[in-house]
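Colleague: Have a look at the structure that comes next, please.
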Amino acid sequence: MNRDPDIRESLQRWMHRVQQEFGHESGQAIIKSLLEECGGCRIRIPDLYFLYCADRDRMIRNKFTGGNHEELAIAFSLTVRQVRRIVNGG
């Protein structure tokens, strides 16, 4: 575990929050499963913006009809180039 006090404090706050939101037993199970899968690993946890972009990109791909790059760019406040990158999987 990283010895950085800010990281330790963040993890402790998260564990407390999980237990409060999901109940002590469920919270413990969630924490245990994370530790079993990732314990000892160095991981980077993305922020909420990452999730927003993933959802947005999925919606753009679903609404893409083959020629509506400009329409999607306007609808999602992006450039046509950004829309092309998203629909091409980049």
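Readers should treat all values here as calculations from the given coordinates under stated rules, not as data from a laboratory. Fair warning: this is a prediction, and the values are worked out from it, not measured in the lab. Don't worry about glycine lacking a Cβ; one is built from the backbone with ideal geometry, like all the others, and counts go over all protein chains shown.
Colleague: Considering (1) under 20 Å from Arg13 (Cβ atoms); (2) surrounded by 11 or more Cβ atoms within 10 Å (Cβ to Cβ), say which one Val83 fails and leave the rest.
Modeller: (1)
Colleague: Moving to a separate point now. In the set Gly39, Gly23, Gly66, which member is surrounded by 10 or more Cβ atoms within 10 Å (Cβ to Cβ) and not hydroxyl-bearing (Ser, Thr, Tyr)?
Modeller: Just one listed residue meets the conditions, Gly23.
Colleague: Can you name every residue in the stretch 24-72 that is assigned to a loop (DSSP other than H, G, I, E, B) and closer than 19 Å to Trp14 by Cα?
Modeller: Gly39, Gly40, Cys41, Arg42, Ile43, Arg44, Ile45, Pro46, Asp47
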